[in-house]
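First the structure, in the form of C-alpha cells, and then the observations on it.
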Amino acid sequence: MPLTRGDIERIVSLGYREDSFVVERGGLRRLRNIRGSCIFLGDGCKIYSDRPEGCTLYPTIYDAAGKRAVLDKDCPYNREFHISFKKSKRVSRLYATLTSPEQ
C-alpha cells in the first residue's frame, strides 16, 4: 500500500518508528509486508482508525493507464463494492499526491 507523507506522520505519532513499517519500492514509500500481509494486520488492523488513506479507499484503486478509479481485480470481494463519484475523486487526488514531486 503506497503511503503519503501524512500517512507516515500519523502512524509515527502513534509510536511506531518509520523504518519499522515503511519500505521504498518503485519510487514510492509503501507499507511493509511480512509473508504477504501488512505489518499492521493481526487479529484485525492494529491502526484501523489511523490507517493510510489508500486502505480506507480499497478496493478502489487508480488505474494510471486508463486514468480512472477502478476496483482491484485481485480483491476477492470486489464485486461487493461500487465506485461512487466521491470515492473516484478521492482516489484520483490520492494518486496525484503520491506521484507529486513534493511527496
>> Which of the numbered conditions does C45 fail, given that it passes all the others? Conditions: (1) at pLDDT 95 or above; (2) loosely packed, with under 14 Cβ neighbours inside 10 Å; (3) closer than 26 Å to E102 by Cα.
In response: (3)
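Table: residues versus (1) free of Cβ contacts under 8 Å to residues at least 60 places away in the same chain; (2) aromatic (F, W, Y).
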| residue | (1), (2) |
| --- | --- |
| Y16 | yes, yes |
| V23 | yes, no |
| L28 | no, no |
| G42 | yes, no |
| C55 | yes, no |
| Y58 | yes, yes |
| A65 | yes, no |
| D72 | yes, no |
| F81 | yes, yes |
> Is there a residue being assigned to a loop (DSSP other than H, G, I, E, B) and either of a type in the set (V, I, T) or touching a His at 6+ places or on another chain (Cβ under 8 Å) (or both) anywhere in the range 54-74?
Replying inline: no
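Mind listing just one residue for me: the one in the range 55-93 that is in contact with an Asp or Glu (Cβ under 8 Å, 6 or more places away or on another chain) and under 22 Å from F21 (Cα atoms) and, of those, surrounded by the most Cβ atoms within 10 Å (Cβ to Cβ)? First the steps, then the outcome.
Applying the first criterion (in contact with an Asp or Glu (Cβ under 8 Å, 6 or more places away or on another chain)) to the range 55-93 yields 58-61, 69-70, 78, 90.
Filter once more, so that each one left must be under 22 Å from F21 (Cα atoms): 58-59, 61.
Details: Y58: 17, P59: 17, I61: 22.
Once the filter is applied, the top-ranked residue is I61.
The values are calculated or read from the model by the stated rules, or taken from the named source; none is laboratory data. This one's a predicted model, so the numbers in the text were calculated from it and none came from an experiment. Cβ coordinates were reconstructed from backbone atoms using ideal geometry, including for glycine residues, and neighbour counts include every protein chain displayed.
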